[in-house]
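Throughout, read-outs are computed from the coordinates displayed, never taken from laboratory work. Here the structure is a predicted model, which means the values were calculated and not measured. Quick reminder, even Gly has a Cβ in these numbers, built from the backbone with ideal geometry, and neighbours come from all protein chains shown.
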Number of protein chains: 2
Amino acid sequence: MATRDDVLGAALRHLNTDATASMAAIAEAAGISRATLHRHFAKREALVRELGERSLDRWERTQDEAGIDAAGASGDAERIRDCATAMLTQLVADADEFGFTLVDEFLCTEPALLERTDRLFDREVAFWAAAQDAGVLRRDVPARWIGHAAYGLLVASRDAIRSGDVAPRDLAPLVLSTFLDGASA
Amino acid sequence: MATRDDVLGAALRHLNTDATASMAAIAEAAGISRATLHRHFAKREALVRELGERSLDRWERTQDEAGIDAAGASGDAERIRDCATAMLTQLVADADEFGFTLVDEFLCTEPALLERTDRLFDREVAFWAAAQDAGVLRRDVPARWIGHAAYGLLVASRDAIRSGDVAPRDLAPLVLSTFLDGASA
DNA sequence: CCCATATGAGACATTGATGTCTCACTCGGC
DNA sequence: GCCGAGTGAGACATCAATGTCTCATATGGG
């Protein structure tokens, strides 16, 4: 018997390959009937919203485990650099796992999720600002732009994996190094 | 009387704010009736596909006008750097105008468009590879990754504009400088 | 002024997905 | 062996969007 979490996992994997999949397709991918899927999640919205929540849970956990608040507050350059490295490395893995939530249309119209996204983004931006203050990141660009750039590189990393251009294993250092040092020689 | 191009333009602008807009919504945004919209584009697919084509036209034109083939073949570092700057600056504007085509689900499932996208991407990657050979870009990352990273930063630029975090006018230098030099101090 | 063309309004059939419900089955524990 | 919770299969109503069609209108050129 498939547990709710199993179903959620299968749905996530399938939506990662086709973000517009119908309930029927999701059920089939999860190896259960459409009726059973509806017993777990009354409406498609509820399923997708829950995946969105989990994605944000993961993002928040990644921020927590990297300790961005404490690291930012410390003002210690070395510590901030390590923290950024740890967080981005984990975020690359998260982006791979939660792929479709990065760009999903529906999730961008869900006020509750949107607000939480903003909160997490702001938290991250505060960290980038602290990194600027500590001399780890350049000060001549807005901290919010740095946040967007990091997001963009995560989208790029997902794309690189999907198109088979980069092995998942090599990706994190690539993203990290591009984020910090750019593409210039 | 709204010309076909007017309709296409209005559709593009509206789809940039809501990529899942119905034909009814698009018609209303274009200031015409649903019937007239259907006279211009028999099916929604046809409308979106044409916008995809135009987006690729623009991408190709931007590559052409920047002269990436000749610049790449020249092997001249200065020339390549200027070319990259010109192209990326234009691509930021293109990404703003053609926004939704960057991430649209449907366009990613249309074989014809997909193939053309690949061709243009490959062409650009060849230019990045030439930039590596000329010592303009670092050689320790795959050229294809550089291509993905550039794409990711375009997504980021669109995001930054939409969320109002960066003025459109400031965006190009920001993207360019982040692409080349990264976020590091 | 008249006519041809393009349009708007709206009816209509179709389609695909959604969400609800029933009924029969099966498998595991008692 | 029996019972009950969970399941699958499938019927069913609903809904939103699509695409087609008709007809009345207006608008602009000749």
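Quick notes
- With respect to the conditions (1) away from chain B (no Cβ under 14 Å); (2) more than 9 Å from DNA strand C (Cβ to nearest atom), residue A:23 lacks only one, and its number is (2).
- Residue B:118 meets all of the listed conditions (1) in contact (Cβ under 8 Å) with a residue 40 or more places away in the chain; (2) more than 16 Å from DNA strand D (Cβ to nearest atom); (3) surrounded by fewer than 15 Cβ atoms within 10 Å (Cβ to Cβ) but one, namely (1).
- Candidates are the residues of the range A:26-35 that are over 27 Å from the mean Cα position of the chain (by Cα) and within 9 Å of DNA strand C (Cβ to nearest atom); the one that is nearest to the other protein chains (Cβ to nearest Cβ) is A:34.
- Hey, residue B:31 free of Cβ contacts under 8 Å to residues at least 60 places away in the same chain and either surrounded by fewer than 15 Cβ atoms within 10 Å (Cβ to Cβ) or in contact with a Leu (Cβ under 8 Å, 6 or more places away or on another chain) (or both) or not: yes
- Evaluated against (1) surrounded by fewer than 18 Cβ atoms within 10 Å (Cβ to Cβ); (2) in contact with a Ser or Thr (Cβ under 8 Å, 6 or more places away or on another chain); (3) closer than 19 Å to residue A:128 by Cβ, residue B:182 falls short on exactly one condition, (1).
- A single entry from B:95, B:134, B:172 fulfils the requirement of being of a type in the set (A, V, I, L, M) and touching a Leu at 6+ places or on another chain (Cβ under 7 Å): B:95.
- Every residue from the range A:121-141 that is surrounded by fewer than 19 Cβ atoms within 10 Å (Cβ to Cβ) and more than 22 Å from residue A:64 (Cα to Cα): A:135, A:138, A:139, A:140
- Single residue of the range A:164-185 satisfying the filter (among the acidic types (Asp, Glu) and at the interface with another protein chain (Cβ under 7 Å from one of its Cβ atoms)) that is farthest from residue B:145 (Cα to Cα): A:181
- Being buried (at least 23 other Cβ atoms within 10 Å of the Cβ), part of a helix (DSSP H, G or I), within 12 Å of chain B (Cβ to nearest Cβ) and β-branched (Val, Ile, Thr) is a property that does not hold for residue A:161.
- Residue check for residue B:89: within 20 Å of residue B:154 (Cβ to Cβ), touching a residue at least 40 places away in the same chain (Cβ under 8 Å) and within 14 Å of chain A (Cβ to nearest Cβ): no
- In the range A:43-66, of all residues being among the hydrophobic types (A, V, I, L, M, F, W, C) and within 16 Å of DNA strand C (Cβ to nearest atom), the one that is nearest to the other protein chains (Cβ to nearest Cβ) corresponds to A:48.
- Selected residue (only one of B:126, B:134, B:143 is farther than 19 Å from residue A:160 by Cβ, more than 8 Å from every other protein chain (Cβ to nearest Cβ) and among the aliphatic types (A, V, I, L, M)): B:134
- Single residue of B:120, B:153 found to be within 25 Å of residue A:180 (Cβ to Cβ) and either within 12 Å of the chain's Cα centre (by Cα) or within 10 Å of chain A (Cβ to nearest Cβ) (or both): B:153
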